[in-house]
Amino acid sequence: MKIPRIAYCSPINPAPTGISDYSEELLPYLGQYADLTLYLEEGLKPSNPFLSQSLELRSLNRLPSDQKQRPFDAILYHMGNSPAHAGIWRTAQQVPGVVVLHDFVLHHFILWYAANVHHNVQSYVQEMKERYGEAGNHTAQLMIRGRFTNSAFDFPCCETVVAAAKALIVHSQYVQRQISSMRPDIPNAVIPMGVPLSPLLDRHLAREILDLPQDALVLASFGHINAYKRLDPTLRAIAQLQANWPNLRYILVGSVSPNYDAKGLIARMGLEKVVQMTGYVTRPVFESYIAAADICLNLRHPTAGETSASLLRLLGAGCPTLVSATGAFTELPPNVAAQVDLDATESELIATYCDVLTKYPSLAKELGKQARNYVAQNHNLDQAALGYIRFLAQVYRWDKITRFRPEPLWSLEETFLPLPFKQKEVHGKELCFSPFIPSIAQALVDLGVTEKDELILQTIAQRLADFQ
């Protein structure tokens with residue numbers, strides 16, 4: 001039985017996009033069915049050592065010649081609305097393949113590409129005018145002047161990406177409907193996003209580690225913070241909730257867009273003592289904040305048609321979660337997440353949901369339980385990988401699908417450190433996470449050190465402990 005060869009083109013960590021995490025979680029499962037070659041932007045070095053240990057890594061600019069010399073059985077391109085996909089988009093125009101469309105709206109990427117790769121922003125303006133008429137031209141003129149208007153979401157700018165694709169993979173019926181109305185002739189499939197099921201961490205311990213009060217009502221939002229994450233109506237709800245919950249904490253876990261003055265908005269509403277912004281955090285820290293939260297808020301509008309991996313992680317961790325009733329989020333069953341309408345009642349509804357879920361903990365617990373079951377049954381990585389392989393077999397006309405490896409290429413549990421925070425005394429000494437660990441880990445990867453080099457790792461661990 002011939003093992004299919006797949007060229008897999010995607011950002012990976014440390015490229016700053018959630019699709020890096022997505023691919024690093026999918027690849028070990030996809031590798032059960034195929035021989036994978038991972039194509040990366042020139043100069044991008046994986047921070048995950050399992051990638052270089054388990055896969056052949058090659059530069060994206062070599063894919064056209066590699067395909068001529070020894071054609072792959074399938075090519076996968078991951079496209080999202082981020083500069084991290086520049087090389088992928090450039091290569092996808094030269095060598096057609098199956099495009100995984102993570103965002104239906106690629107407007108911001110296309111504008112960035114015109115300005116930073118073509119060095120001709122007027123090419124973007126011209127395309128907007130020709131494709132969308134005077135309304136498109138008006139929005140383009142605002143965008144190139146730095147006025148990032150919500151009307152940009154009305155013009156997806158994904159047409160050229162779709163036209164260059166052999167077929168499309170999407171993660172929601174919402175995006176599939178948009179694509180089918182645009183290009184009813186192109187083969188496409190909905191493959192639900194797969195995520196690892198988050199461990200159920202102890203809330204008391206998580207709060208102790210994060211220095212959060214045990215008796216506080218903790219609300220949290222996760223992911224990159226920008227003007228579309230509904231912070232304004234959420235803060236109005238927070239101000240309203242303070243009357244009944246004086247020990248309220250609202251934590252924003254993630255980086256903040258440089259174009260969005262979140263701190264100023266919080267100050268204007270007088271909520272500096274209630275709202276905490278963490279900035280970008282590592283995955284173990286992210287998981288710890290989920291465990292510490294009573295209720296999670298995953299609100300956004302307008303939507304680019306994205307399926308939120310961070311939302312699936314919240315649901316998978318069993319956290320009661322509020323979502324905006326828009327786009328792909330409306331596909332969630334009603335017993336999995338509380339949906340917030342985007343109208344004049346938005347703030348009031350956020351406050352009411354939080355109040356009810358806090359007053360009735362059994363209801364919150366049941367919502368979290370149903371959410372975790374939903375993710376386990378509908379968004380697991382085994383199903384996602386099999387969905388990919390079946391669709392690729394259909395598009396490229398493979399004769400047969402075989403799982404020739406019984407286990408994933410590596411265990412995802414091995415790719416993340418344990419909770420990297422201060423813990424109880426160990427051997428009479430308080431242990432803290434060292435800020436040097438990420439740099440040291442990258443240096444070890446560059447030197448070719450693996451988890452098998454136990455003596456080296458033990459020596460380094462001891463030296464780090466001496467600095468605590």
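Here's the yes/no breakdown for (1) under 21 Å from the mean Cα position of the chain (by Cα); (2) of a type in the set (K, R):
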residue	(1), (2)
R313	yes, yes
A337	yes, no
L357	no, no
A371	yes, no
Q377	yes, no
Y388	yes, no
T402	no, no
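Count of the range 341-355 residues, restricted to those that are more than 27 Å from the chain's Cα centre (by Cα) and among the hydrophobic types (A, V, I, L, M, F, W, C), is 1.
Of all residues in the range 346-363, those satisfying the criterion of being among the polar types (S, T, N, Q) and in contact (Cβ under 8 Å) with a residue 60 or more places away in the chain are S347, T358. Candidates T282, T234: the one that is of a type in the set (S, T, N, Q), in contact (Cβ under 8 Å) with a residue 40 or more places away in the chain and farther than 22 Å from V323 by Cα is T282.
Taken over the range 264-302, the criterion of being of a type in the set (K, R) and outside any loop (DSSP other than H, G, I, E, B) is satisfied by R268, R283.
Taking the range 32-70 as the range and being more than 20 Å from S20 (Cβ to Cβ) and surrounded by 20 or more Cβ atoms within 10 Å (Cβ to Cβ) as the test, the residues that pass are Y33, A34. Looking across the range 303-341 at every residue that is assigned to a loop (DSSP other than H, G, I, E, B) and within 26 Å of D202 (Cα to Cα), the one that is modelled with the lowest pLDDT is identified as S308.
The values are calculated or read from the model by the stated rules, or taken from the named source; none is laboratory data. What you are looking at is a predicted structure, and each value in this text was computed from that prediction instead of being measured. Note that each Cβ is placed from the backbone with ideal geometry, even for glycine, and that neighbours are counted across all protein chains shown.
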